[in-house]
Structure formats: structure tokens, C-alpha cells
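The values are calculated or read from the model by the stated rules, or taken from the named source; none is laboratory data. Fair warning: this is a prediction, and the values are worked out from it, not measured in the lab. Cβ atoms come from the backbone with ideal geometry, glycine included; neighbour counts cover every protein chain shown. Accessible surface is based on the protein model in full, side chains and every heavy atom, while ligands, DNA and RNA are left aside. Shrake-Rupley method; radii C 1.70, N 1.55, O 1.52, S 1.80 Å.
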Amino acid sequence: MHVKRWSLTAGLLAAGATAAMAQDGDLVVGKPHPWQMGLQEAFSPIEEQIHWFSNYTLAFIVPITILVAVLLGWCVFRYSAKKNPTASRTAHNTTIEVIWTLAPVLVLLMLAIPSFQLLTAQYNPPRDPDLTVKAVGYQWYWGYEYQPPEADADGGASVLSYESYPVEAADIEASKGDLETYPRLLAVDNEMVVPVNTIVRVISTSADVIHSFAVPSLGVKVDAVPGRANEYWFEATREGIFYGQCSELCGAAHWNMPIAIRAVSQEQYDAWYKAALEDLDAANQELVASIKAAQSGRAVASR
């Protein structure tokens, strides 16, 4: 029995490691993995800063927790009624009071400064956005509307807009592909397509209740509030598909309101956008075929 349990555990750990290593292949997939510890792998500059700040904060949390546990244990042991039958009547100690006032202030300052810098970076892109997409939350799916390029904005260019619905688990392999690339409860019929290494402005709003547009591997999390437009930005540094979910309790089907962002090359995006204005389904099929052809070409070249 013990051997079987260890074998099962080892198998699950190996499967988790294999899934995590799959991100190093041609198609990057930003998603949670079995037995994963820590944050999802970062595929955007903001998420990389979030990872750094998380580790930086942990460097304070761990020693503080150990110190408090040691002090608590010492007080329980040293000042129990059995070992200290006559309790001290000391009212205060100036040195200790100065230390326990100044030390937390210094720790909070050391946490506040980088956290404010990160917060500022989250809402101030390093340059003007190259693309603006409005993400509208519905119960329970997402709608995307692409702002026309500046050159076409005054020329009456058609606005690309479409809905993104979750794909039922039983239909994923038939309609999308393998479950590793299109996971259960995360796959959608129409992903948000954006160019890689491009500043994308997201205008988030809602048509009914409060939703939240969140993609962990890209460092994106912004509320979608009815009657209000919230702005955020991201920049995918790798081509691939990055998954998220609505992070606000928005109703009965909140658990099945996924988000998928597909980052492609600029050439692939331009071809997809032009085709999607005429036929979205055909444009998506052509895009997937183009991605597979590029992956096959890279695989042949690497041999």
C-alpha cells in the first residue's frame, strides 16, 4: 500500500513537472499546473515585478513569523505559573517600547516604497499603448471590442467586436484541440488576439454586475464595473495562450467565466485582424494553421 502511494505521488509530481516544462516549448501556455507551488510563470514585465515583490515581501514575513513564534514559545515556557509563581509588576520598559514602535515603522516603509512603485507601474505604461481593447463582462462570458487603428479612426473603419464563451469540457478536444493547450474550465471559443511585445490598453467594464478581468501570468487584474470604464495595460513577452478567469463573485456561473489571451507575431495579428473583420471563425482557423506551420518550421530547423 505504501509503495503504491509513493508511486502515485511520484507520478503526479512528474506529471506536474512535465506540464510546467511544456511552457518551454514552441507554444507557451500560461495557466496553473498540477502540484504547482508559487505564482504562475511571468510572461509580462508587470508580472515579473509582482514576482519580485512577492519574494521581497516573503523575506520580511518569514523572519517576523519565526521571531514571534520564538517569543511566544519563550513566554509560555519561561513565565508559566509553575516557573514564575510571582508575576512581575513592571508596567513598561522604555527601550522595548521604542524598539517595537520603530521596527514595524521601518519594515512598513521598506514595504511601502516598492509597493507604490509597482502600483504606479501597473497603471502607467512605459510608452503610449499600441492597441486598445475594451473587455465587457456579461453573465457569464466576455465581449471584446478593438479600437480601430489611429490611421483609420477618422475614416469610418469597421470596429471588430465579438463574444468569447467558455467551451464545455466534453467539446474541447473536438472543437479546439488537446487539453494541455486548451484546459478544462479555461478554454474559450474566441480568444482575445494581441501582438507580442506590444503595449495593450484594456478598457474594462460590465453590462450587468461587477466582474473582474484577471490573467495571472500577464499580471492583469482589473474590475469590470457597470457604468464605469477602468483602464489597465499589459505586454506579452512571449507568443502563446494565457488564461485567466473572472475574479469577482458575479453569480451562479462565476466558476465558468474564463479569459484567454492569444499573443502572436505582428504579421500574424495583422492578417488575423484584417480577416476577422470579414469572418471571425475563418480568421481564427487561419491563425491556428499559421501558428502550427510556424511551429513545424521551427521544429525542422532545430534538427
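Read phi for every residue in segment 86-94 and hand back ³J(HN,Hα) as whole Hz from Karplus 6.51 cos²θ - 1.76 cosθ + 1.60, θ = phi - 60°, with x for Gly and Pro.
With coefficients 6.51, -1.76 and 1.60, one gets 9, 5, 6, 9, 5, 7, 7, 9, 4 Hz.
Is the C-alpha gyration tensor of segment 150-303 telling us rounded, prolate or oblate? Criteria: a/c under 1.5 is rounded; beyond that, a/b larger than b/c is prolate, otherwise oblate.
Note, shape of segment 150-303 comes out oblate.
Cα gyration tensor of segment 235-278, axes a ≥ b ≥ c as square roots of the eigenvalues: rounded (a/c below 1.5), prolate (a/b > b/c) or oblate?
oblate
Using DSSP, restrict attention to beta bridges with both residues in the chain and report what percent are antiparallel, rounded to the nearest 5.
Expressed as a percentage, antiparallel bridges in the chain total about 65.
For segment 47-56, what does the Karplus curve 6.51 cos²θ - 1.76 cosθ + 1.60, with θ = phi - 60°, yield as ³J(HN,Hα) per residue in whole Hz, taken in order and with x for Gly and Pro?
5, 5, 5, 5, 4, 4, 5, 4, 5, 4
What's the ranking of 163-171, 121-129 by average number of surrounding C-beta atoms within 10 Å, highest first?
163-171, 121-129
Taking only Cα atoms, what is the 0 to 90° angle, nearest 10, from helix 280-302's long axis to the longest principal axis of the chain?
Around 70 degrees separate the two axes.
Compute the helix-to-body angle for 266-276: its Cα long axis versus the longest principal axis of the chain, expressed 0 to 90° and rounded to tens.
In the chain, helix 266-276 runs at an angle near 60 degrees to the longest axis.
Just Val188, Val196, Val159 to compare: in a GNM of the chain, with alpha carbon springs under 10 Å, which one fluctuates most?
Its mean-square fluctuation being the largest, the pick is Val159.
Which shape class applies to segment 176-253: rounded if a/c is under 1.5, otherwise prolate when a/b exceeds b/c and oblate if not, where a ≥ b ≥ c are the square roots of the Cα gyration tensor eigenvalues?
The shape class here is oblate.
Can you send over the carbon and sulfur percentage of the accessible area for the chain, probe radius 1.4 Å, protein chains only?
That share works out to 61 percent.
Return the sequence-ordered ³J(HN,Hα) values of segment 124-135 in whole Hz as given by the Karplus equation 6.51 cos²θ - 1.76 cosθ + 1.60 applied to θ = phi - 60°, using x for Gly and Pro.
Whole-Hz 3J(HN,Hα) from phi for segment 124-135: 9, x, x, 8, 4, x, 8, 8, 10, 10, 8, 10.
Keeping every protein chain present and rolling a 1.4 Å probe, give me the accessible area per residue for the chain in Å².
In whole numbers, the chain has 59 Å² accessible per residue.
Of the peptides 268-275, 70-77, 137-144, how do they stack up when ordered by the mean number of other Cβ atoms within 10 Å, highest first?
Highest to lowest by the protection proxy: 137-144, 268-275, 70-77.
Picking from Arg89, Arg184, Arg201, which is most flexible by a Gaussian network model of the chain using Cα springs under 10 Å?
Evaluated over the chain, the most mobile residue of the options is Arg89.
Quick check: the angle from helix 2-21's long axis to the longest principal axis of the chain, C-alpha only, nearest 10 degrees?
Long axis of 2-21 versus the principal axis of the chain: about 60 degrees.
With all pairs of different alpha carbon atoms counted, what Kirkwood hydrodynamic radius in Å does the chain show?
22.7 Å
Once amide H atoms are built 1.01 Å from N in the peptide plane, which residues 5 or more positions from Ser212, or in another chain, come under 5 Å H to H?
The answer is Ala224, Ser247, Glu248.
Within the chain, how many Lys pairs that are eight or more residues apart, or on different chains, come under 19 Å at the alpha-carbon?
The number of close lysine pairs in the chain is 5.
If you find the alpha carbon centre of segment 206-239 and of segment 75-129, how far apart are they in angstrom?
After rounding, the separation between the Cα centres reads 33 Å.
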